[in-house]
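Notes follow the structure.
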Amino acid sequence: MTTGQKIYQAIELFSTEEPHFDRFKITFRETLIDNGAPAANAERMAAVAAETLRSHADGDYHLGMAHIITFHPEFEQAIDGNIEAFQAMHKYMSYYLDFAELQQTCAVN
């Protein structure tokens, strides 16, 4: 599975309930580390993402993650300029947008 797919899958399984909440953080963190991000960055990014998604009211966690990546200052600070962490988020966003476009195309046809 690619980095983008792993992050997508982690978000698909996101839940505010235990043990799923902690599984999300672990999977998200491990995927970032596997992509080369330092453990400290990955740990902080996973914590910020999980806590922010927990409060995402409408339950569209992929849209929530896109918002976190693009607008959340604490998440940006957690990345701390690390290229591998940034690349992992880019891979997720690319996968998410491609998948959303494919779903839309299939729904129209």
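The values are calculated or read from the model by the stated rules, or taken from the named source; none is laboratory data. Keep in mind that this is a model prediction, so the values were computed, not measured. We place every Cβ from the backbone using ideal geometry, glycine too, and count neighbours over all the protein chains shown. SASA here: full protein model, heavy atoms, side chains in, ligands and nucleic acids out. Shrake-Rupley method; radii C 1.70, N 1.55, O 1.52, S 1.80 Å.
Values as computed for the structure displayed
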quantity: Largest to smallest accessible area among F99, F24, F71 [probe 1.4 Å]; calculated: F71, F99, F24
quantity: Percent accessible area from carbon and sulfur atoms, the chain, protein chains only, probe 1.4 Å; calculated: 53
quantity: Of the DSSP H helices in the chain, those whose Cα atoms cover at least 30 Å axially and whose Kyte score averages -1.0 or more; calculated: 83-108
quantity: Which label in (1) 20, 16, 15; (2) 21, 16, 13; (3) 28, 16, 10 gives the computed semi-axes √(5λ) of the Cα gyration tensor in Å; calculated: (2)
quantity: Residue-normalised accessible area of the chain, expressed per residue, 1.4 Å probe, Å²; calculated: 58
quantity: Positive dipole terminus of the chain, leading residue within L53, T31, S15 (C-beta point charges); calculated: T31
quantity: Computed accessible area, D58, all protein chains, 1.4 angstrom probe, square angstrom; calculated: 110
quantity: For the chain, size of Cβ-based charge dipole, Lys and Arg +1, Asp and Glu -1, in debye; calculated: 140
